[in-house]
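Student: Below you will find the structure I want to go over with you.
The values are calculated or read from the model by the stated rules, or taken from the named source; none is laboratory data. Computed from a predicted structure; not experimentally measured. As a convention, Cβ positions derive from the backbone with ideal geometry for all residues, glycine included, and neighbour counts pool all protein chains shown.
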Amino acid sequence: MPDIITVVDDDALSLKLSRRVLEKAGFEGRYLSSGAEALACFDGSYIPDLILLDVHMPDMNGFEILKRLKADPAYRSVPVVFLTGDDDVATETEGLNAGASDFLRKPFAAPVLIKRVQNMIELRRLHEDMAKEIRIKTEKLSHAYMQIVEALAASVDAKDKYTHGHSSRVALYSKEIAKRAGFSEAEQDNVYMMGLLHDVGKIGIKDAIINKPAKLTDEEYAVIKTHPAVGAEILKKITDFPELAVGARWHHERYDGRGYPDGLSGDKIPEVARIIAVADTYDAMTSNRSYRGVLPQVQVRDEIKKCKGTQFDPCFADIMLEMIDEDKSYSLKED
């Protein structure tokens, strides 16, 4: 498929010459004689491989057209070569600073025009290929990273035979709460990641305590209460994602300040931790335990409502209540 070139030049002779040279070289293109024609042409439906743009035109100069092109995502990556009869360093510097890829002096020689066009198109393709390769490798790394995180979360859940899938469910509920609270997609993904690893500190708790079927002693409960701080210590070593430790450390804080490990209250508790706190408690009530089965949905709802403003941030508790009310078949629970 031939490469597509657009030439914008109010000089009729120059426009005719560039058309003859480019078509003879096998390029397809559009040849426009004013800035107004250019703006009408660049409407998003037509995207060339290269734009040759005259600097000086009576209705609109090349700098203004370039500015508009660079503001449009559809044309931002299209290389623009300025055509000019000026031998002016200031003009060239201004053009390059504005985003022009190169300058071509008029009148131009046919071989020079062809070579510049070929070089620019090859350079653009090289950039696109490199960007694609980087994107693929980044996606692979992200996928591998997520698999590691999921495996770590699963290993934590595996310590307790009564919490199979707990971390994944808490992550999903947390992400949905964040979504309904207006978080961006990137923020939702971060909440999901923090939800997956909120209990990672339990990896250091003895299985005998975690799986004890009877009521824990005060000493055993004190050991259990160390898992948020332990989890935060583990996760803060991941320096590329420092906020990952937030959910682990503070998901057992209470809105009224009577939680642990730091006794934070209200808005002093990080927002993500307040979200995970609601999701974590909800999943605890809707999962099987050694001493009981899944609680009835109405009982779960009543507990979330009762603890709104004391244990839970009222905003996120209301969102959880909304999710419960929409769940007519009571599917949001341990399978």
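Student: Sort out which residues of region 227-272 are on the phi > 0 side of the Ramachandran plot and either outside the structural domain of Ile210 (by TED's automatic domain parsing) or surrounded by fewer than 14 Cβ atoms within 10 Å (Cβ to Cβ) (or both), and write them in order of number.
Tutor: Of everything in region 227-272, those that are on the phi > 0 side of the Ramachandran plot and either outside the structural domain of Ile210 (by TED's automatic domain parsing) or surrounded by fewer than 14 Cβ atoms within 10 Å (Cβ to Cβ) (or both) turn out to be Gly263, Gly266.
Student: Between a first residue in region 320-335 that is touching a residue at least 60 places away in the same chain (Cβ under 8 Å) and a second residue that is in a loop (DSSP other than H, G, I, E, B) and of a type in the set (Gly, Ala, Ser), which pairs have beta carbons less than 6 Å apart while being 6 or more apart in sequence or on different chains?
Tutor: Glu334/Ser287
Student: Moving on to the next point. Which helices (runs of 4 or more DSSP H) does region 158-260 wholly contain that include 2 or more residues that are within 32 Å of the chain's Cα centre (by Cα) and touching a residue at least 12 places away in the same chain (Cβ under 8 Å)?
Tutor: 166-180, 185-196, 227-235, 244-250
Student: Looking at Arg116, Arg135 in this structure, which one is surrounded by 10 or more Cβ atoms within 10 Å (Cβ to Cβ), touching a strand residue (DSSP E or B) at 6+ places or on another chain (Cβ under 6 Å) and modelled with pLDDT of 80 or more?
Tutor: The conditions single out Arg116.
Student: A follow-up question, please. Are there helices (runs of 4 or more DSSP H) fully within region 11-71 with at least 3 residues that are closer than 20 Å to Asp86 by Cβ and in contact with a helix residue (DSSP H, G or I) (Cβ under 7 Å, 6 or more places away or on another chain)? List them.
Tutor: Output list reads 62-71.
Student: Against the definition (touching a Lys or Arg at 6+ places or on another chain (Cβ under 7 Å) and of a type in the set (Lys, Arg)), how does Lys202 come out, yes or no?
Tutor: yes
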